[in-house]
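**Q** Supplied in structure tokens, the structure appears directly below.
We did not get these values from a lab; they are worked out from the coordinates using the rules stated. Not measured: the values here are computed from a predicted model. With ideal geometry, Cβ positions are generated from the backbone for all residues, glycine too; neighbour counts draw on all protein chains shown.
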């Protein structure tokens, strides 16, 4: 059986929106969580530094397929629209369109 790939990405949350960003993630919609699971997102975590650096980590068999699966979900469109204002860049680009995996250079098994 194919092993899941580890994926890590970086985004940046506006520093003046950190409290609300955390609060929103304490109340992620159940249908959003279900959509993530259905499309292959496992062991998904977000880490936020005091300056707004957001580190995302997940495991999936195919990251591109996982992104495409979420892109097809209506709940994801609503979530991304509601969250776009939190991210640096000012162009309101959805966070899931800004996820570019970092290269894994070491993994201790």
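**Q** Does residue 79 satisfy being more than 30 Å from residue 1 (Cβ to Cβ), surrounded by 11 or more Cβ atoms within 10 Å (Cβ to Cβ) and under 14 Å from the mean Cα position of the chain (by Cα)?
**A** Yes: the conditions hold for residue 79.
**Q** Looking only at the stretch 33-60, filter to residues that are within 14 Å of residue 4 (Cβ to Cβ) and out of contact with any strand residue (DSSP E or B) (no Cβ under 7 Å at 6 or more places or on another chain); which one of those is surrounded by the fewest Cβ atoms within 10 Å (Cβ to Cβ)?
**A** 37
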